[in-house]
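The values are calculated or read from the model by the stated rules, or taken from the named source; none is laboratory data. Bear in mind that the values here come from a model prediction, so they are computed numbers and not experimental data. All Cβ positions, glycine included, derive from the backbone under ideal geometry; neighbour counts span all protein chains shown. Accessible surface areas use protein heavy atoms only, side chains included; no ligands, DNA or RNA. Shrake-Rupley method; radii C 1.70, N 1.55, O 1.52, S 1.80 Å.
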Amino acid sequence: MSSQSSNQDTRGNTPRFQVIFVIQGREFPVTVNANQAIRGAVQQALHDSGNQGSADGWQLRTEDGHLLDLQQSFESQGITSTVKLFLSKGAGRGG
């Protein structure tokens, strides 16, 4: 048996997996690349949910409440397999 992750193809390409974004109580699955910035997937989930505009002003948290940095990759935030994440409007801040 190979020790290779089941999310990685036989050529060793970057793993792809599904992230389930929960927005206002509804689930929106998005297939992501472990090395992509989280922001792009958030933008896709917002589009799929009918929300207009950018990911600015939204916060993404894990099931245990950890706030994720949208500019970082999934892998750098420790997310490398299917997971449910919670997307909500962030607290408004001036600046």
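Applying the criterion of being under 8 Å from the mean Cα position of the chain (by Cα) and open to solvent by less than 20 Å² (accessible area, probe 1.4 Å) to the residues of segment 31-48, the residue that is farthest from G90 (Cα to Cα) is V32. State all residues of segment 18-30 that are open to solvent by 20 Å² or more (accessible area, probe 1.4 Å) and under 10 Å from V83 (Cβ atoms); if no residue qualifies, say none. Q18, I20 - these are the residues of segment 18-30 that are open to solvent by 20 Å² or more (accessible area, probe 1.4 Å) and under 10 Å from V83 (Cβ atoms). The set of residues from segment 49-70 being on the phi < 0 side of the Ramachandran plot, touching a strand residue (DSSP E or B) at 6+ places or on another chain (Cβ under 9 Å) and without any contact (Cβ under 8 Å) to a residue 24 or more places away in the chain comprises A55, E63, L67.
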